[in-house]
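Structure first, commentary second.
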Amino acid sequence: MIATRQELQSLREACMRAAKAESRKILVCAGTGCVSGGSLDIYAALKQKMEAKGIPCEVELAMDPHEDVVGLKKSGCHGFCEMGPLVRIEPQGWLYTKVSLADVDEIVERTMAKGEIVERLAYRQNGKIYEKQEEIPFYQKQTRKVLEHCGHIDADSIYEYISIGGYEAFEKALFDMSSDEIITQISDSGLRGRGGGGFPTGRKWTQVARQKATPKYVVCNGDEGDPGAFMDRSIMEGDPHRMIEGMMIAGVAVGAEDGYIYVRAEYPMAVARLSNAIAQAKKLGLLGENILGSGFNFNIHINQGAGAFVCGEGSALTASIEGKRGMPRVKPPRTVEHGLFDKPTVLNNVETFANVPTIIKAGAEEYRKIGTETSPGTKAFALTGNIVNTGLIEVPMGTTLREVIFDIGGGMRGGADFKAVQIGGPSGGCLTSAELDLPLDFDSLKKVGAMIGSGGLVVMDSHTCMVEVARFFMNFTQNESCGKCVPCREGTRRMLEILERIVAGKGREGDIDLLLELADTITNTALCGLGKTAAGPVVSTIKYFRDEYEAHIREKRCPAGACAKLRRIHIDPALCKGCSKCSRICPVGAISGTLKQPFVIDPEKCIKCGACIGTCPFHAIKED
Amino acid sequence: MNTQELYQKTDAILARCGTEERSMIAVLQAVQEEYAYLPREVFPYLSQKMGLSEAHIYGVATFYENFSLEPKGKYVIKVCDGTACHVRKSIPILEKLRSELGLAEGRKTTDDQMFTVETVSCLGACGLAPALTVNGKVHPSMTPDKAVELIETLRREEA
Ligand SMILES: Cc1cc2nc3c(=O)[nH]c(=O)nc-3n(C[C@H](O)[C@H](O)[C@H](O)COP(=O)(O)O)c2cc1C
Ligand code: FES
């Protein structure tokens, strides 16, 4: 328990000394991705092997430093999940990829005992071997600020967080700055909400600080509902204290004593790490009553979601914390005035809070050096889809899509052509090759009718049908519509029906106009952001890929060859040798013929499952 | 349903989570944790203890996707159909699982109460798409064939 500022400072020095002594470290990634690849077993095996070899290893930061110890840690997500399980070796900064249990002996014998690299575990790209993590192209082109410690520290240790300067910003805010000064720094930094809207954070805090009603609340939105995004998950799992510190600073700034973190139910590991982090901070006296003798009280509670996308919307989220159905309400009044339990509330996203300590520590001016004039700082994106390097990345605001997809993402998977990227999830829109050089920041994207949203970037290649993508998102939104307002409840259903019939080859002349008309109505009349943005993917795919819609409707043809109901499969008689393999695999008996003669497919019976295509040894079965 | 036991367990949950309205979701989650679904007998009991109408509690329980009013199988398989998994072909995996287990859109649990197959809209494991979970454990980079293998392994373990 630390009761004063001096005690925190001496604890920090002790932690720094301990971290310095423990310069040799093995960090095993314990993020969701690597754990599913078996990283916890690897961790246990490393521990056993090292102990058997007599290499002293320490799983927790040892406060009585001795130089020959090796730290064996579980870290948070590195964002390079596809190459996992990942193991990082320090001080060299080596990254071992796709590590398996079978590699453990060699890692201990060679790397730990002799300091040699196990070259076959290093990352390779185009024949080149990259030993150091920071040199890998995926990382080299990134600017990791918010994610800087994810993967590099033990996410379950408050001491490690303190050893890298953690809670210094909170200390500064608590003792050296007035509420006004904190808010001024946040305002001057130009920080904008990372949860989707890009609302200036400083302005939000100012409004809450001004309210007379008490108590006030700080709420962190960790609902991360956009399917295809996992930035917030990685922060909560990999560096939970950073976000908590951000919330505490918000508490000091607006005069709140309670904070709530709303985490979606699908993130059990994030809940576990956050609970642990909160318990540690409480035990140390950084949360609780009269923190560090300052008179400031602050507690943090965790609420788990229960599977409703709409709960990411501010007023629905607070309703859900109150134990109600998570339905949005009409605004105004806004959350800053009448938020949680009807009291003034600061509601920010996970990544937004994670930016706060940096701003307070380094100052607004320093923070603005990265990013663009109107969108300062960095942004984390989840890069997924048909791309070589999927994962979590962080780049300065204003980086172009081309740099993200081709330099960091390594280009298209399987050599296919780039077609489009969906940004902003079900509320966003798509961008095509014409926008590859567009800077990714709030305002540039708004101009072309897209939005940063939460930061999900789903890359699609030429085999992806854009009408089907629009149908997919509309299906999602329609499912998640809470049903409170008519435009969203009924409108999304009608739009979904139209899209379903188009991809089934039953589209009618005039459907495109009908979609656009419905989109216009819903956008202008829906109650909350879910409905207002629901038509985004449809409108933007029509804008860029109208010809694909027309081909589906008029020619009953899917140009990308993706829509199963529109596939036409036939056997090329010139290539068919009549081996009968295809007729045997066909689940509906649609293929017939005489041995050694070309076979034929009965289009009436064919369900277009495509099973025959893969089995033909002569590549005689084709679809168009 | 052994209601006596249900009431006892619910009392313990209420003692831990509190009986105010704000504890509603946590309470329902804890009951579901025990039983893997919300037994109907819990609603009148909660109504009495929490001072809220049954209809109100039922309203909350049915609003959220994760609450189930029906018992689930021993193995709950959630196939991710989030964007990243969808573009990397998650639907064939779902279809394969359903056909393997004789399930369909409206029929989620096998008759022997062994398997439940559902979809989920993102597990946050998009880097490993397509993904699915079995009782919460993430299985990365799935294919229809791997999914069938998984079922077979689980069946073997049961036998
Ligand atoms: C339907 C809907 C879903 C949303 N989901 C999220 C979410 O999952 N996470 C999030 O941070 N913000 C989400 N938002 C935005 C929030 O309403 C809110 O703007 C944000 O949390 C404010 O924090 P920020 O200013 O730090 O971005 C959603 C909004 C809508 C309309
Ligand atoms: S889309 Fe499947 S894990 Fe995110």
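In the range A:362-384, the condition of being within 26 Å of the chain's Cα centre (by Cα), more than 29 Å from residue A:136 (Cβ to Cβ) and buried (at least 20 other Cβ atoms within 10 Å of the Cβ) is met by no residue.
For the range A:304-322, taking the residues that are within 9 Å of chain B (Cβ to nearest Cβ) and crowded, with 22+ Cβ neighbours inside 10 Å, the one that is farthest from ligand 2 (Cβ to nearest atom) is identified as A:321. Only one of the listed residues (A:488, A:430) is in contact with a Pro (Cβ under 8 Å, 6 or more places away or on another chain) and either away from chain B (no Cβ under 11 Å) or among the charged types (D, E, K, R) (or both). That residue is A:430.
Among the residues in the range A:198-214, are any away from chain B (no Cβ under 14 Å), outside any helix (DSSP H, G or I) and closer than 27 Å to residue A:76 by Cβ? Before you say what the answer is, go through the steps one by one.
Quick first cut of the range A:198-214, residues away from chain B (no Cβ under 14 Å) only: A:198-214.
Still in the list and also outside any helix (DSSP H, G or I): A:198-200, A:211-214.
Still in the list and also closer than 27 Å to residue A:76 by Cβ: A:198.
Within the range A:198-214, one or more residues are away from chain B (no Cβ under 14 Å), outside any helix (DSSP H, G or I) and closer than 27 Å to residue A:76 by Cβ.
A search for C-beta distances below 7 Å between a residue of the range A:371-387 that is at pLDDT 95 or above and any residue that is in a strand (DSSP E or B) and among the polar types (S, T, N, Q), counting only pairs 6+ apart in sequence or on different chains, returns A:371/A:378. Answer yes if at least one residue in the range A:280-301 is within 16 Å of ligand 2 (Cβ to nearest atom) and either not assigned by TED's automatic domain parsing to the domain that holds residue A:335 or not small (Gly, Ala, Ser) (or both), and no otherwise. No: zero hits. Just one of (1) in contact with a Lys or Arg (Cβ under 9 Å, 6 or more places away or on another chain); (2) crowded, with 23+ Cβ neighbours inside 10 Å; (3) of a type outside the set (Val, Ile, Thr); (4) within 14 Å of another protein chain (Cβ to nearest Cβ) fails for residue B:128. It is (1).
Yes or no, residue by residue, for (1) part of a helix (DSSP H, G or I); (2) open to solvent by less than 60 Å² (accessible area, probe 1.4 Å); (3) in the same structural domain as residue A:602 (by TED's automatic domain parsing):
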position: A:483; (1), (2), (3): no, yes, no
position: A:495; (1), (2), (3): yes, yes, no
position: A:502; (1), (2), (3): yes, yes, no
position: A:514; (1), (2), (3): yes, no, no
position: A:527; (1), (2), (3): no, yes, no
position: A:545; (1), (2), (3): yes, yes, no
position: A:548; (1), (2), (3): yes, yes, no
position: A:559; (1), (2), (3): no, no, no
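When the range A:234-264 is limited to residues that are within 11 Å of ligand 1 (Cβ to nearest atom) and part of a helix (DSSP H, G or I), the one that is surrounded by the fewest Cβ atoms within 10 Å (Cβ to Cβ) turns out to be A:246. In this structure, residue B:137 does satisfy being within 11 Å of chain A (Cβ to nearest Cβ) and under 20 Å from residue A:83 (Cα atoms).
Among residues that are open to solvent by 10 Å² or more (accessible area, probe 1.4 Å), part of a loop (DSSP other than H, G, I, E, B) and not charged (D, E, K, R), residue A:338 is included.
Among the residues of the range B:64-87, those identified as open to solvent by 30 Å² or more (accessible area, probe 1.4 Å) and either within 16 Å of ligand 1 (Cβ to nearest atom) or assigned to a loop (DSSP other than H, G, I, E, B) (or both) are B:65, B:66, B:69, B:70, B:71, B:72, B:74, B:81.
Just to verify a result, which residue in the range A:215-225, among those that are more than 6 Å from ligand 1 (Cβ to nearest atom) and open to solvent by 10 Å² or more (accessible area, probe 1.4 Å), is farthest from the other protein chains (Cβ to nearest Cβ)?
Going residue by residue through the range A:215-225, those that are more than 6 Å from ligand 1 (Cβ to nearest atom) are A:215-220, A:222.
Filter once more, keeping what is open to solvent by 10 Å² or more (accessible area, probe 1.4 Å): A:215-217.
On the way: A:215: 14, A:216: 17, A:217: 12 Å.
So, considering only residues that are more than 6 Å from ligand 1 (Cβ to nearest atom) and open to solvent by 10 Å² or more (accessible area, probe 1.4 Å), the one farthest from the other protein chains (Cβ to nearest Cβ) is A:216.
The values are calculated or read from the model by the stated rules, or taken from the named source; none is laboratory data. Fair warning: this is a prediction, and the values are worked out from it, not measured in the lab. All Cβ positions, glycine included, derive from the backbone under ideal geometry; neighbour counts span all protein chains shown. What goes into the accessible areas is simple: the full protein's heavy atoms, side chains included, and nothing from ligands, DNA or RNA. Shrake-Rupley method; radii C 1.70, N 1.55, O 1.52, S 1.80 Å.
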